[in-house]
Amino acid sequence: MANGLIEELAESECLALLKTHHFGRVAFVQQADGPPMIMPLNYLVHAEAVVVRTDPRSELGNALRDAPVSFEIDGIDQQQRTGWSVLVIGPAQEIVDPRELEELHQTPLLPWAAGDRSEYVRITPELVTGRRISVADLPSHWFG
């Protein structure tokens, strides 16, 4: 692999991984002086942006209105000791356009959690990065 055990992924490969997976984590700061928070959620890629659903009255819903966020997905193969991750950084904005909301209602983006998840939020990528790591060639005693 390039750079030893870590390979940087091309943006096109990152976008392909984003489009074929549906579970990730969003990182945000709830209050200006508050700690960073990370929440797991399901998502889809729509019009080249990451889209999630949330409760408009929740902490997450409030935090994802016109705020900078990071969104991450990953995958691992423990047996092969390989893994990858993709990071999207950009602003989160509530989707309010009626035509876009109608399109999103037709997608398979269904809430996993109970309760009101009527707000659709778009994370517009300003930076998309990813990497793949392989430790398969390291001695097994490193892993206990």
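The values are calculated or read from the model by the stated rules, or taken from the named source; none is laboratory data. Owing to the predicted nature of the structure, the values given are computational and were not obtained by experimental measurement. Every residue, glycine as well, gets a Cβ built from its backbone with ideal geometry; the counts of neighbours run over all protein chains shown.
Does region 15-29 contain at least one residue that is of a type in the set (D, E, K, R), touching a Ser or Thr at 6+ places or on another chain (Cβ under 6 Å) and either more than 16 Å from Leu127 (Cα to Cα) or part of a strand (DSSP E or B) (or both)?
no
I need the full set of residues from region 68-92 which are surrounded by 15 or more Cβ atoms within 10 Å (Cβ to Cβ) and either among the small types (Gly, Ala, Ser) or at pLDDT below 90 (or both), in order please.
Passing the criteria: Ser70, Arg81, Thr82, Gly83, Ser85, Gly90, Ala92.
Arg65: among the charged types (D, E, K, R) and either without any contact (Cβ under 8 Å) to a residue 12 or more places away in the chain or in a strand (DSSP E or B) (or both), yes or no?
The answer is no for Arg65.
For the subset of region 30-42 comprising residues that are assigned to a loop (DSSP other than H, G, I, E, B) and either among the polar types (S, T, N, Q) or out of contact with any strand residue (DSSP E or B) (no Cβ under 8 Å at 6 or more places or on another chain) (or both), which member is nearest to Leu60 (Cα to Cα)?
Out of the qualifying residues, it is Gln30.
Tell me which of these Phe28 doesn't satisfy, since it passes every other one: (1) in contact with a Phe, Trp or Tyr (Cβ under 9 Å, 6 or more places away or on another chain); (2) among the hydrophobic types (A, V, I, L, M, F, W, C); (3) under 25 Å from Asp97 (Cα atoms).
Just one mismatch for Phe28, condition (1).
How about region 89-106: which of its residues are over 12 Å from Val51 (Cα atoms) and of a type in the set (A, V, I, L, M)?
Passing the criteria: Ile89, Val96.
Here are the criteria: (1) at pLDDT 90 or above; (2) in contact with a strand residue (DSSP E or B) (Cβ under 8 Å, 6 or more places away or on another chain); (3) outside any strand (DSSP E or B). Tell me which single one Val51 does not satisfy.
The single condition Val51 does not satisfy is (3).
Residues in region 101-108: is at least one assigned to a loop (DSSP other than H, G, I, E, B), at pLDDT below 95 and either farther than 18 Å from Arg122 by Cα or among the hydroxyl-bearing types (Ser, Thr, Tyr) (or both)?
yes
For Val45, state whether it is in contact (Cβ under 8 Å) with a residue 60 or more places away in the chain, in a strand (DSSP E or B), of a type outside the set (D, E, K, R) and closer than 14 Å to Glu72 by Cα.
Here the answer is no, as Val45 does not meet what is asked.
So is Val96 out of contact with any Phe, Trp or Tyr (no Cβ under 7 Å at 6 or more places or on another chain), free of Cβ contacts under 8 Å to residues at least 40 places away in the same chain and not in a strand (DSSP E or B) or not?
So Val96 passes the test.
Pull out all pairs, ordered by first then second residue, where Cβ-Cβ is under 9 Å, the residues are six or more apart or on different chains, the first lies in region 117-128 and is more than 16 Å from Pro98 (Cβ to Cβ), and the second is among the aromatic types (Phe, Trp, Tyr).
Listed by first residue and then by second, the contacts come to Ile123/Tyr43; Ile123/Phe71; Pro125/Phe71.
Taking only pairs six or more apart or across chains, which ones have beta-carbon atoms under 6 Å, a first residue in region 71-88 that is polar (S, T, N, Q), and a second residue that is surrounded by fewer than 18 Cβ atoms within 10 Å (Cβ to Cβ) and in a strand (DSSP E or B)?
Final answer for the pair search is Thr82/Ser134; Ser85/Asp74.
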